[in-house]
Amino acid sequence: MSGPVRGTPHASSKAAVLDVIRAAGTISRVGLINATGLTGATISTAVRKLLDEGLVAETGHAESTGGKRRVLLQLNPTSRFALGVHLDHSGITYVLTDLAGGVVARITKPGAGTRAPAEVVDRMAAEAKTLIASVGVDHDRVLGLGLVSPGPLGARTTAAIAPPVMRRWAGYPVDRELAAAAGLPVVVDNDATAAALGEHWSRGMGSASTSAALYMGTGIGAGLVIGGITYRGTSGNAGEIGHVCLDVDGPECWCGARGCVEVLAGPEAVVAAARADRALAERIGLTGDPGADGDRAPASPAAGFAAVGRAARRGDPAALALLERSARYIAVAARTLANVMDVEFVVLTGPSFAIAGSVYLPVVREELARSFYARGAHPVDVRLSHTAATAPAIGAAAMVLQSELVPLHAPQRLPEDLAEPGLVTVRP
């Protein structure tokens, strides 16, 4: 069964009321009736429960309109927290947010690398607990942990084809193991989809009805937000523009196809091209031979891409040319996505755009302004994220918050055949 599964009517009413209060800032009970269409009795019951749980607080009165002044309600942001974790080969980012989605604390630690999944899970659980304790938050006030990665990964959501750097995680029940180790409910999803949710949650996408987050970390992907809801597709892999073919006779990609955007223009392709230019490689410290023993170990794709980005910012023409070539491919992929989905807004996000987004932004903008099919009807607003490096982790935390703030969410326990891929919550 695809699509969100609603919980009980009572639970959905409570979540709907909480979401309206969050969006409004302050609102009266009468305002809630008008905004939700629920009855006064239902609103009263839901608000009473929210007040009892400390999720909402009464905060003064509205201006008088001739009768009794109405009591205003607002979200109590410090009543609950959520933890978002972005797991990648090159780094693990942790973000703790309050109930309103505000970032309370964040840290970045070494990535999964080639370590065994069980070892990495134990480390993630320990680092998550340390982050929570470091800001004095009671563990019981943390709603859960959102885990995102290239994939997505997890017992029920493992992709049949995993990126090479995460291949040993395929089939590993990271959601169940992390829930047990961290003592928190865990929900898993794709990092590009989470980045889109993070941008939407932090209002980085404005009010557009159809938006896309063009994501570049270790690989390339996209997340889609339609009418305020992230679109995941059947298996949680919607938006895989990194595997759109741009050259039918191009190099073979790890996914099994040829000429994919990722193999032509992704960070690994940029680093490989930089290594092939011996003079450039020497200038920026990429002279290590991958797989060879020597004094200079080869940089990881993330570190190598960062070196190319730094050189481009210093004005190195060869480094800049490599990034601009990559940007042209990605701009064409962005146009393809915009044409298919008729998007209004595109945000460039993810760790690699955090490094070199200033090179990619004008190229993507120009391509969409010149060649987007529906440009006569509306332009596509293209921007660089202000939270590009941490957007996936923020989105991971937002997934947890949605379980409290958005009515379209599955109940805590579902039969396995009714659970929506990418939205399965595993409890310790």
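Just a few scattered comments:
- For segment 336-407, the Rg and Dmax computed from alpha carbons only, in angstrom: 14.7, 42
- Near-label residues of segment 250-288 by backbone N, under 12 Å of a point 7 Å along Cα→Cβ of Ala303: 285-288
- For segment 165-261, the solvent-accessible area works out to 35 Å² per residue, with a probe of 1.4 Å and every protein chain left in place.
- Placing a label point 7 Å from the Cα of Ser371 along the Cα-to-Cβ direction, the residues of segment 239-255 with a backbone N closer than 15 Å are 244-248.
- Full-extension gain in nm, Cys245 to Ala105, via 0.36 nm per residue minus C-alpha separation: 46.5 nm
- By average C-beta atoms within 10 angstrom, highest first, the peptides 210-218, 175-183, 114-122: 210-218, 175-183, 114-122
- Projected label distance in nm at Asn339 and Arg167, using a 7 Å step from Cα toward the beta-carbon: 3.3 nm
- Ranked packing of 190-200, 330-340, most packed first, by mean Cβ within 10 Å: 190-200, 330-340
- For a straight C-alpha distance cut-off of 26 angstrom, the lysines reachable from Lys109 (same-chain residues fewer than eight places away being disregarded) are Lys129.
- Cα shape, segment 171-268, gyration tensor, a/c 1.5 rule: oblate
- Placing R0 at 25 angstrom, the Cβ-Cβ distance between Ala116 and Ser235 gives a FRET efficiency of 0.45 after rounding to 0.05.
- Each Lys or Arg adds one and each Asp or Glu takes one away; over the other residues whose Cβ falls under 14 Å from the Cβ of Ala62, this sums to +2.
- Across the accessible surface of segment 70-196, with the other protein chains kept in place and a 1.4 Å probe, carbon and sulfur atoms take up 50 percent.
- Candidates per chymotrypsin sites (Phe, Trp or Tyr not before Pro) in segment 320-406, loop by DSSP, up to 15 other Cβ within 10 Å: Tyr373
- Pairwise FRET efficiency - Arg123 versus Thr39, Cβ, R0 = 35 Å, nearest 0.05: 0.10
The values are calculated or read from the model by the stated rules, or taken from the named source; none is laboratory data. Please read all numbers here as calculations on a predicted model, not as lab measurements. All Cβ positions, glycine included, derive from the backbone under ideal geometry; neighbour counts span all protein chains shown. For the accessible areas, the whole protein counts, side chains as well, though only heavy atoms, and no ligand, DNA or RNA atoms are used. Shrake-Rupley method; radii C 1.70, N 1.55, O 1.52, S 1.80 Å.
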